[in-house]
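Below is one structure, written out as structure tokens, with a few remarks after it.
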Amino acid sequence: MRLPTFLLAVASLCLSQAAPAASFRAMPLEEIVAHSQSVVHCRVLNIESAYKNTPRGERIFTRYLLQISESWLNDNGSTRLQSLWVQGGKLGNVEQRVHGYPQLQLGQSYVLFIENLQSGLPLTGGSQGVFVELRSKNGQTELAPLTAPQQRIGLQTLKARVQAAKAMQR
């Protein structure tokens, strides 16, 4: 009697819709900067998810509406609002996640390293390209990488490191 249960389990695994996996190797900040088209200090104003057709079938994507307060790399100055579409999200009772990729929070401020806005995985190095803004005990703005939240860095210090890394590439 165990065979039907086993077959049912195998069938449900085969029929389930899995989101593609993404794997990222660890990169130092200088390499993250080198692979980024832009680096922005922003706040998430709105989050919405929708189904989109892809070559691998229908997938859930999440659109983050970002208010850009400052651009640190390749600033064209043309827009202070920017949409960032990321593969994964939740619609009703259906949720798709992409391993190694963050889910940004409404109202939260970040520094984002953006490799390619046209991609479903636009952040450089996945979660490595995301620094969350926090307040220190003395009220100073600090940033913590999502991949190492205990490592904090001052906003101006990170900005200087990004600009120095870009200058070294020239």
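Annotations
- In region 110-160, residue farthest from S36 (Cα to Cα) [restricted to those that are part of a strand (DSSP E or B) and at pLDDT below 90]: R135
- One residue alone among G154, G126 is buried (at least 19 other Cβ atoms within 10 Å of the Cβ) and not basic (K, R), and that residue is G126.
- V86 vs. criteria of a type in the set (V, I, T), part of a loop (DSSP other than H, G, I, E, B), within 11 Å of the chain's Cα centre (by Cα) and closer than 24 Å to L146 by Cβ: no
- Verdict on L146 being within 21 Å of A50 (Cα to Cα) and either aliphatic (A, V, I, L, M) or touching a Cys at 6+ places or on another chain (Cβ under 7 Å) (or both): no
- When residues of region 83-102 are limited to those that are polar (S, T, N, Q) and within 18 Å of E58 (Cβ to Cβ), the one surrounded by the fewest Cβ atoms within 10 Å (Cβ to Cβ): N93
- Candidates N76, N93, filtered to the one that is more than 15 Å from the chain's Cα centre (by Cα) and either under 22 Å from A26 (Cβ atoms) or modelled with pLDDT under 90 (or both): N76
- When V162 is tested against (1) more than 17 Å from the chain's Cα centre (by Cα); (2) free of Cβ contacts under 8 Å to residues at least 60 places away in the same chain, just one condition goes unmet, and that condition is (2).
- Filtered residues of region 136-151 (kept if surrounded by 13 or more Cβ atoms within 10 Å (Cβ to Cβ), more than 18 Å from the chain's Cα centre (by Cα) and not polar (S, T, N, Q)): E142
- One residue from I60, I32 being of a type in the set (V, I, T) and closer than 23 Å to P145 by Cα: I32
The values are calculated or read from the model by the stated rules, or taken from the named source; none is laboratory data. Quantities reported herein were computed from a predicted structural model and do not represent experimental measurements. Note that we place each Cβ from the backbone using ideal geometry, even for glycine, and neighbour counts take in every protein chain shown.
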